[in-house]
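Every number here is computed from the coordinates shown, using simple stated rules; none is lab data. Keep in mind it's a predicted model, so treat the numbers as computed, not measured. We place every Cβ from the backbone using ideal geometry, glycine too, and count neighbours over all the protein chains shown.
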């Protein structure tokens, strides 16, 4: 509807322009040529309109939209990798079962081979024990007839019965093992086929991830290239910072009686393993010479690295936050809060009471910086403090 409106406005403008220039209309006598000329003008104006409209779109919103797409693909990748690991475990298990069954079948085949050789050698007509050379053939009936009395005949009969039952169970087990081996080989083939499909899916998802990452890089590069866009982004980030302060102020209305944060100054553990990449405070952008104030520090770390709470407290926020990516904010009482941003995963929910060292989430690149790491802030009554004055010194 909006597009039709814009088109109508452009048409009216063009018609007014053409109407005010009779020479132009006179020059373009052919209606078809006139129509094509008007269409070209409309396309040109529409492109200009779309360009203006695109510039009006929030830079942070565009970046967040890209980050959310990246996050969704990464979650799909993690789920796919879990499925692959489960499948690989099943394959290992089935292969172990196949090896065990194969060894068992080898033993049973050797037993059957010796049995058949014994039968051929001594002429045994049933699966009895092979007699000593020179003795009577081990026919069950002959063995019973050689008994000295009835009790002995009964004992021999029981022995033969148990022997026959044992050998029958061995043959049955052999047959079942062959069937079991066949089933497991079929299952292994199906699992291998499934694994191949899963790995193919994984590669496709990785290709989509690479494409989205490239899109984010281009977007950030274009922002850093154009001074006006860069300045607007900084203004949006300031607004986001104000929104965060407001959120923290709101959390202060519900009193949380945790104590001791101030006493822990200069002894707080680092929230993640890594190195300081960007410090707290004022700096001047080297390209545009624009003064910028950073409310926290950026700790460069590996993607997926565990992020932990620096002090006990209550989670007051755990979600996406415009300009910061995935964020966790913890209230430590007495007006102190810590902010953990740029996360790939969050393991806590709003309202959780946690201890120092509790696992918050994992390092990602869901914020403004197109690199894995943790953005970390300490605030007192909403105002940012230099985290380096609170964290223990690294050796």
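For labels at residue 82 and residue 176 in the simple 7 Å Cα→Cβ model, what's the distance in nm?
3.7
What spacing in nm lies between the two simple spin-label points modelled at residue 196 and residue 37, each 7 Å away from Cα in the Cβ direction?
Placing both labels 7 Å along Cα→Cβ, they lie 6.4 nm apart.
Which order do the peptides 307-320, 352-365 come out in when sorted by mean C-beta neighbours inside 10 angstrom, highest first?
On the way: 307-320: 20.7, 352-365: 18.3.
Ranking the peptides 307-320, 352-365 by packing returns 307-320, 352-365.
So if each residue of separation counts as 0.36 nm, and I subtract the Cα-Cα distance between residue 114 and residue 254, what length gain in nm does that give?
41.9 nm
What's the FRET efficiency of residue 320 with residue 386 using the Cβ-Cβ distance as r and R₀ = 30 Å, to the nearest 0.05?
E between residue 320 and residue 386, to the nearest 0.05, is 0.70.
Given the Cα-Cα distance of residue 154 and residue 218 and 0.36 nm per residue of separation, how much length would full extension add, in nm?
That works out to 13.7 nm of additional length.
Starting with the highest mean, order 323-330, 255-262 by the number of other Cβ atoms within 10 Å, averaged over the residues of each peptide. Working shown, then result.
Details: 323-330: 25.0, 255-262: 13.8.
Going from most to least packed, we get 323-330, 255-262.
Give the separation of the Cα centroids, region 88-103 to region 245-278, in Å.
Centre-to-centre (Cα) distance: 52 Å.
Taking N as the number of residues in region 232-356, what value does Rg over Cα atoms divided by 2.2 N^0.38 Å take?
Working: Rg = 15.2 Å, N = 125, 2.2 N^0.38 = 13.8 Å.
That ratio works out to 1.10.
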